[in-house]
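Beneath this line is the structure, given in structure tokens, with notes to follow.
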Amino acid sequence: MKKMVLLLFILFPQFKCFSWGFYAHKKINNYAVYLLPPQMLVFYKQNINFITSHAVDPDMRRYAVPGEGPKHYIDIDHYGNYPYEELPRKWSEAVTKFSEDSLQVYGIVPWWVQVMLSKLTSAFKEKDQNKILKLSAEIGHYIADAHVPLHANSNHNGQFTNQQGIHGFWESRIPELLADKEWDFFIGKAEYIKDPGNFIWQRVLESAAAADTVLRFEKELTALFPADQKFAFENRNGVTIRQYSSAFTRAYNTRLKGMVERRMRQAIFAVASFWYTAWVNAGEPDLTKLSNKKFSPDELKEFESLNNSWKKNIIKGREHE
């Protein structure tokens with residue numbers, strides 16, 4: 001089994017990484033809790049372990065549910081040039097112009113975030129604790145994905161420029177190496193978002209604008225870096241793995257001038273603010289008086305199924321597809 005795990009990680013740069021990575025998604029949801037006002041913090045802090053651990057459920061779901069993938073990204077460069085004005089921002093108008101099937105092919109993350117906001121607002125209105133927890137964890141995932149530059153570009157893993165592995169490098173390797181010890185996540189407080197649609201589209205456009213820099217800087221640094229020092233074998237949880245070296249990772253982060261940390265901070269603020277906006281739009285219900293019921297056997301079975309599906313695909317070597 002250890003040989004299999006070692007092989008998977010040796011091949012790591014060849015796989016397409018699907019999102020921030022489990023580490024960063026969990027950090028984003030976790031830190032977002034502390035930006036909430038006291039009326040919400042009393043509930044979210046009590047359930048922070050659930051909010052944190054289930055931040056990755058949408059990634060697990062992509063192996064079990066057809067149609068999950070497009071909710072995480074948008075290949076917005078398919079629609080012309082920045083700022084992609086020929087792509088309507090309203091879903092109904094975009095469907096009329098391009099058809100829903102076509103939109104699904106190229107990704108729907110900015111629209112899906114708004115759908116999730118509506119669902120979370122309804123859960124607050126219903127005072128349904130389980131729905132609030134589940135939807136809060138999951139909307140955090142999609143919002144975070146919208147902050148990743150390569151989630152807004154068709155060259156999502158450098159597959160067109162011989163840079164396979166750059167996706168996971170940017171959103172997993174860099175934060176895993178630097179976030180805990182060197183980055184600052186004291187951000188402030190969540191704010192009410194008056195126009196959620198415009199907010200998330202702006203974040204997507206920022207991601208799209210940064211995608212070229214993410215790709216170009218990695219290629220430039222690769223040309224300057226000693227070839228035998230770009231990757232290294234390092235110990236991870238008792239297993240030797242091949243990954244981008246610490247030296248190359250730090251050099252790339254310096255060249256990006258803190259882009260990954262900045263986008264992670266913005267994602268944390270956005271997640272907390274969407275939670276807060278849903279709560280306000282629901283009439284600011286008292287979160288100490290919720291349904292407080294345990295998850296049903298069917299709900300628990302769903303969580304187990306997602307986890308088992310993910311584990312099976314890890315064994316197949318598909319965890320970064």
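The values are calculated or read from the model by the stated rules, or taken from the named source; none is laboratory data. The model shown is predicted, which means the values in this text are computed figures rather than measured ones. Because the Cβ atoms are built from the backbone with ideal geometry, glycine has one as well, and the counts that use them run over all protein chains shown. Note: accessible area is taken over every heavy atom of the protein model, side chains too, but ligands, DNA and RNA are not part of it. Shrake-Rupley method; radii C 1.70, N 1.55, O 1.52, S 1.80 Å.
Ranked by the mean number of other Cβ atoms within 10 Å of their residues, highest first, the peptides 80-87, 152-159 come out as 152-159, 80-87. Put +1 on the Cβ of every Lys and Arg and -1 on every Asp and Glu Cβ in the chain; which of VAL33, ILE268, GLY107 then has its Cα farthest towards the positive end of the dipole? Going by the charge dipole, the pick is VAL33.
Ranking ARG265, ARG203 by solvent-accessible area of protein heavy atoms (1.4 Å probe, all protein chains present), from largest to smallest, gives ARG265, ARG203. If you take the Cα atoms of segment 88-246, find Rg, then find the Kirkwood Rh from the mean of 1/r over all pairs, what is Rg/Rh? Using only Cα positions, Rg/Rh for segment 88-246 is 1.03. Ellipticity at 222 nm from helices only: DSSP H runs of n ≥ 4 in the chain, each -39500 (n - 2.57), divided by the residue count, give -17500 deg cm²/dmol.
Ligands, DNA and RNA excluded, the heavy atoms of HIS141 present near 0 Å² of accessible surface to a 1.4 Å solvent probe.
Summing Cβ point charges (Lys, Arg +1; Asp, Glu -1) relative to the Cα centre of the chain gives a dipole of roughly 800 debye.
Can you tell me how segment 75-167 classifies by the Cα gyration tensor, rounded, prolate or oblate, using a/c under 1.5 as the rounded cut? It is oblate, given that a/c is not under 1.5 and a/b is not larger than b/c. Listed by number, the DSSP H helices of the chain that run 15 Å or longer by alpha-carbon position along their axis and have mean Kyte hydropathy of at least 0.0 are 109-126, 196-224, 259-281.
In the chain, Cα pairs under 8 Å separated by at least six residues give a relative contact order of 31 percent.
For the peptides 63-73, 282-292, the ranking by packing is 63-73, 282-292, with the highest mean count of neighbouring Cβ atoms within 10 Å listed first. Principal semi-axes of the equivalent ellipsoid, √(5λ) from the alpha carbon gyration tensor of segment 152-216, are 26, 20, 8 Å from largest down.
Accessible area per residue for the chain, computed on protein heavy atoms with a 1.4 Å probe, is 47 Å².
In this structure THR213 has an accessible area near 30 Å², from a 1.4 Å probe over the protein heavy atoms.
Heavy-atom surface analysis with a 1.4 Å probe gives the chain a carbon and sulfur content of 52 percent of its accessible area. Treating the Cα atoms of segment 207-252 as identical point scatterers in vacuum, please give the log10 of the normalised Debye intensity I(q)/I(0) at q = 0.14, 0.15, 0.26 Å⁻¹, two decimals. Each listed q maps to, in turn, -0.42, -0.47, -0.90.
With every protein chain in place and a 1.4 angstrom probe, the accessible-area ranking of HIS147, HIS54, largest first, reads HIS54, HIS147.
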